[in-house]
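The values are calculated or read from the model by the stated rules, or taken from the named source; none is laboratory data. These numbers come from a predicted model, not from an experiment. When we count neighbours, we look across all protein chains shown, and the Cβ atoms used for this are built from the backbone with ideal geometry, even at glycine.
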Amino acid sequence: MTGLSDREAAVVAALDEKALVDHLTALVRLPSISGTDAESESQHQAARDFAEWGLDADSWRLDLHALRADPRFPGTEVERDEAYGMVAATGTGTPALVLQGHIDVVPTGDPAKWDADPFAAEIRGPGRGYLHGRGSCDMKAGVAANAAVVRTLVAEGVRLDRPLAVHTVVGEEDGGLGAFATLVRGHTGDACVIPEPTSGRMITANAGALTFRIEVDGRAAHASTRLAGHSAFDAFLPVYDALRDLERERNRVVDPLFGDLTLPYGLSVGIVQAGDWASSVPDRLTAHGRIGVILGEDVGAARAALEHAVAQAAARDLWLGDHPPTVTWPGGQFASGRLPDDDPLIEQVATAAADTQGLRPTPTAGPYGSDLRLMLGIGGIPTLQYGPGAAEDAHSPRERVDLDQTIAIARSLLVLAMRRCGTR
Ligand SMILES: [Zn+2]
C-alpha cells in the first residue's frame, strides 16, 4: 500500500476480515426479501448491531400512510404493513460522509435453478473465494463493508472530527421507500457512497426506470369462430413493435459516460397476461414492463414518450383506433440521476481506492435505477456507487460475491471515511 499515512495504514491493517465475513454470512442467512417480515427483522438486527458497536442508532417505524401521500413518493412494487428505518452515526451534526446500503433482496426465483440453498451463504474457493447466495452481492457485501468501517474505527479508537453515518434501508429493490423515508426524516450528509455491486468501478450516474402497465382490449369469441372476435393478443403486437422502435430511438445517441454499453435505456416487457381459456379468443391483455429514463430526462417526459408511442401505434391500427390501449404507471418509479463530473467526491473515492488497492477506478454510468437518484435529487447529497460484486450476478441464481474484493473495498471506504471526516 502506498499513499497511506502510517496511521491510516495501521487502521486499515486492523480491519477484522473474519468479522466482516461472519457478518456478511449472517446477513445473507436472513432472507430479507422486499416486503417480508425478515426485511423488518434485518433492520431491527442492524439497530442492535450498531448500538452494540457504540453508535447512536435512530431506529424508527416508517409512517407508510404519510410517505405514500407525499408527491415525491418513489412508488413500491410489494405490499407492506410495516417497515423500519435505521441510521447510525458516530456523533451529532451533519455527517461528513454517509455510507448507505439496502438490506432488502429480490426473490430467489425457481429454487431448482440454484445449485445450493439461496440463503445458506456458502463460501467456495479457490483462495478466500466467493460467498454465494441471494443478496450476497446486491448488496449485503456492501452493507457488511459499511459496518466493517464503523467497527474498525471504534475498535482502533479513531476519533473523527465530524460524524460518519451509516444508513441501512429497506425497499430499494422495489422503488426506494427506505432511502426516501430516511431523507424525509431529515437525515442528511455532505457526501454519500453506496457500495452497490459495481465490480469495484465508480458509478456516478444511473439511468432511471419506470414501471408501466398497458391494457389492450379485444373481443371474446369461441375459438372455432374466432373471426367473430378480436384477439387482445393480436391487438397488442403492433403496440409491442412500437415499444421496440421506441427503445431503439432512445438508445441511438447515448452519453459517453456509459462507455461501450450498447443498451443503457432498456425497454422491456416483463409480464404479459391474456385470456383465461385455451379455446377462447382473449378479450383483454395486460402487459407490465419498464422503460429506462435517460440521464437528465424528466420523468414526465419519459412517460410521455411511451404514451405517445402507444397512441401512435393505436392511431395506425383499425381495431386499436376504436379501442385505444390504456397506459398507467404503477410500481417503482426511478428517476435518473447524475453526480456532476467535477464533484470532489469522485477524486476522493478514486484516491482512497488507489492508495489502498493500487487501482484507480474511473467514473462510469449504470443502466439501472437505484437510491442514488433519491440521495442526489431529494437529499441534495453528492452520491456515487462504489462496491464489491458484479451487477451481472445480481438477481440471478448465480449470485455471489468475491470476498477479497469485499475486504479490499471495505478498506478503501475506511480510508475515505477517515479522510472525509478528519481524525484526531
Ligand atoms: Zn442493489
(request) Hey, can you tell me all the residues within the stretch 137-165 that are within 16 Å of the ligand (Cβ to nearest atom) and either over 26 Å from the mean Cα position of the chain (by Cα) or of a type in the set (A, V, I, L, M) (or both)? (result) M139, A141, V143, A144, A145
(message) Out of the residues in the stretch 183-234 meeting the condition of being part of a strand (DSSP E or B) and over 25 Å from the mean Cα position of the chain (by Cα), tell me which one is surrounded by the fewest Cβ atoms within 10 Å (Cβ to Cβ).
(response) H222
(message) Can you tell me which residue is surrounded by the most Cβ atoms within 10 Å (Cβ to Cβ) among those in the stretch 111-136 that are at positive phi and within 16 Å of the ligand (Cβ to nearest atom)?
(response) G135
(request) Would you mind finding the one in D317, D343 that is at pLDDT 95 or above, farther than 20 Å from E8 by Cβ and more than 24 Å from the chain's Cα centre (by Cα)? (result) D317
(request) Identify all residues within the stretch 155-170 that are out of contact with any Asp or Glu (no Cβ under 6 Å at 6 or more places or on another chain) and crowded, with 24+ Cβ neighbours inside 10 Å; write none if there are none. (result) L164, A165, V166, H167, T168, V169
(request) Just one of (1) modelled with pLDDT under 95; (2) on the phi < 0 side of the Ramachandran plot trips up G142, so point out which. (result) (1)
(request) Looking at (1) touching a residue at least 60 places away in the same chain (Cβ under 8 Å); (2) closer than 23 Å to L210 by Cβ, find the lone condition where E249 falls short. (result) (1)
(message) Given (1) in contact with a Phe, Trp or Tyr (Cβ under 8 Å, 6 or more places away or on another chain); (2) buried (at least 22 other Cβ atoms within 10 Å of the Cβ); (3) farther than 15 Å from Y130 by Cβ, identify the lone condition not met by V401.
(response) (3)
(request) Would you mind telling me which numbered condition in (1) within 18 Å of I103 (Cα to Cα); (2) crowded, with 24+ Cβ neighbours inside 10 Å; (3) over 14 Å from the mean Cα position of the chain (by Cα) L372 fails? (result) (3)
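Residues checked against (1) without any contact (Cβ under 8 Å) to a residue 60 or more places away in the chain; (2) assigned to a strand (DSSP E or B); (3) farther than 20 Å from Q43 by Cα:
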| site | (1), (2), (3) |
| --- | --- |
| G127 | no, no, yes |
| M139 | no, no, no |
| V143 | no, no, no |
| A147 | no, no, no |
| V154 | no, no, yes |
| H167 | no, yes, no |
(request) Would you mind stating whether E392 is within 20 Å of the chain's Cα centre (by Cα), surrounded by fewer than 20 Cβ atoms within 10 Å (Cβ to Cβ) and among the charged types (D, E, K, R)? (result) yes
(message) Against the conditions (1) charged (D, E, K, R); (2) within 30 Å of H288 (Cβ to Cβ); (3) away from the ligand (no atom under 16 Å from the Cβ), where does D343 fall short? Just the number, please.
(response) (2)
(request) Considering every residue within the stretch 342-360, establish whether at least one is under 30 Å from P118 (Cα atoms) and surrounded by fewer than 23 Cβ atoms within 10 Å (Cβ to Cβ). (result) no
(request) With respect to T108, determine if the residue is in contact (Cβ under 8 Å) with a residue 60 or more places away in the chain, buried (at least 17 other Cβ atoms within 10 Å of the Cβ), of a type in the set (S, T, Y) and not in a strand (DSSP E or B). (result) yes
(message) With the structure loaded, tell me whether G171 is more than 13 Å from the ligand (Cβ to nearest atom), more than 29 Å from T262 (Cβ to Cβ) and at pLDDT 95 or above or whether it fails that test.
(response) no
(message) Step by step: first the residues of the stretch 271-296, then only those that are more than 30 Å from the chain's Cα centre (by Cα) and outside any strand (DSSP E or B), then the one that is surrounded by the fewest Cβ atoms within 10 Å (Cβ to Cβ). Which residue is that?
(response) A278
